[in-house]
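First the structure, in the form of structure tokens, and then the observations on it.
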Amino acid sequence: MSKSSAASSPLYHDVSPEYVRYTRLFFIFSGLTCLTSIICAIVQAREEKKFYGIIISLIVSIFFVICIYVFFKRRILLAEKLWFVNLTIFILFLQAIIYLIFVFIKPYPVPIPTTIRTTTPFSTTPFNTTNTTNMTTTTVTSTTTKKLNSWNKQIFLTKLYEQIDDI
């Protein structure tokens, strides 16, 4: 093939190179967001062990999106499936953002420990055979226990009003 005919023939692309560049840029941006989320989850996992599940989930998601992207680059996925590649990248991005929010903002406030005072009065009346007088003895037992209330607005406000009344 001569040089002049190669220069005059139009180039054929399955997908516009501009779209492929945008997809690559979006993939890099989503990957960085996901890595940031993994690093933050690793830092928080030292205190709470449930963040290890987030780390595993993000690593599996990154692996899946990389496989989809490589399949597209090697033309295993057809050019018409660029929307699917962008959708998987978007889901990875959304998952990373949601996990970052979950790691930084604790949506589970720690319940306030409160003390419960209970008094149990009981009386004993001994039987007297001489029939002089009945003696009554009253004993009051007081116990204090710590209880963690579930984080419910009504219960919390009720406990606050009870503590204000005690003061």
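Among the residues of region 36-64, those that are surrounded by fewer than 16 Cβ atoms within 10 Å (Cβ to Cβ) and in contact (Cβ under 8 Å) with a residue 24 or more places away in the chain comprise T36, S57, F64.
Screening region 15-111 for helices (runs of 4 or more DSSP H) wholly inside it with 3 or more residues that are within 30 Å of T158 (Cβ to Cβ) returns no ranges.
Since every read-out is calculated from the coordinates, none of them should be taken as a lab result. Given the structure is predicted, the values throughout are model-derived calculations rather than measurements. FYI the Cβ positions are ideal-geometry reconstructions off the backbone, even for glycines, and counts take in every protein chain you see.
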